[in-house]
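What follows is a set of notes on a single structure, which appears directly below.
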Amino acid sequence: MMQEGGTVQVTSEYRVYSIRWVQLLVYFLSIFANALHGMTFVPIIDQTKEYFQISITQVNILATIFLFLYTIGTLISIWFSKQYSLRFVTVIGATLNLGVFIRLYSFVNPHQGYAALLIGQIFSAIAAPFFLNTTALFAARWFPLSQRDIATVIGSMGNPLGKLNYFLIRIYIRFKLYDYRNSYRIVSTFIDR
């Protein structure tokens, strides 16, 4: 609408959908799951070394690959965010996050499973920035101005809560089952079926 003095007043109506909270929950769970993937080998270095018969350096590579690939994943996620929609970026991140299932192949032959562990970790590591770097963008697209801060906080808390949860689960398994070999047996029974 043209006003006096040549200025243009643009009024836009911001539409808010009630499903946004469900979407935020799914987004939070994706970040949460990715944090679990990144912390898998940190508290069980000795057990992983013994079970898969690999060196401590190889286990450390599995644990720190998230740190090294974060920059590469950030560049890729920024490019995808500029070129494509937020939905596409989230789907790509979730698909890369499924790389954790590649790691299950390492249980088929544990003595030669390092490649599967490494490839699964690489996919999950590249997926991390797709979620962590787009949390504010997600909140800006789905939430009104008054709720964007809380949506960003909820989305961002998926990472530290996922890491905390993994350590608590690992402690529970380690002390409840008394023997780390039992936790590997539990996982392998699901794979052998």
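The values are calculated or read from the model by the stated rules, or taken from the named source; none is laboratory data. Every value quoted in this text rests on a predicted model; they were computed, and no experiment measured them. When we count neighbours, we look across all protein chains shown, and the Cβ atoms used for this are built from the backbone with ideal geometry, even at glycine. Note: accessible area is taken over every heavy atom of the protein model, side chains too, but ligands, DNA and RNA are not part of it. Shrake-Rupley method; radii C 1.70, N 1.55, O 1.52, S 1.80 Å.
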Would you please list the contacts, defined by Cβ atoms under 7 Å and residues six or more apart or on different chains, that run from a residue in the range 138-151 that is within 17 Å of residue 31 (Cβ to Cβ) to a residue that is modelled with pLDDT of 90 or more and polar (S, T, N, Q)? 139/152; 142/23
Of the conditions (1) within 13 Å of the chain's Cα centre (by Cα); (2) closer than 30 Å to residue 109 by Cα, residue 43 fails just one. Which one is it? (1)
Residues in the range 24-57 that are within 30 Å of residue 137 (Cβ to Cβ) and outside any loop (DSSP other than H, G, I, E, B) total 15
Over the range 48-58, the set of residues closer than 18 Å to residue 170 by Cα and either among the basic types (Lys, Arg) or at pLDDT 90 or above (or both) is 49
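Of all residues in the range 47-81, count the ones that are farther than 26 Å from residue 109 by Cβ and surrounded by 16 or more Cβ atoms within 10 Å (Cβ to Cβ). Outline the logic, then answer.
Step one: list which residues in the range 47-81 are farther than 26 Å from residue 109 by Cβ, which gives 67-68, 70-81.
Then keep just the ones that are surrounded by 16 or more Cβ atoms within 10 Å (Cβ to Cβ); that gives 70, 73-74, 76-77, 80-81.
Total meeting the criteria: 7.
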Does residue 142 meet the test of being at negative phi, in contact with a Lys or Arg (Cβ under 7 Å, 6 or more places away or on another chain) and open to solvent by 50 Å² or more (accessible area, probe 1.4 Å)? yes
Between a first residue in the range 109-128 that is on the phi < 0 side of the Ramachandran plot and a second residue that is β-branched (Val, Ile, Thr) and open to solvent by 30 Å² or more (accessible area, probe 1.4 Å), which pairs have beta carbons less than 7 Å apart while being 6 or more apart in sequence or on different chains? 116/102; 119/102; 120/102; 123/102; 126/72; 126/76
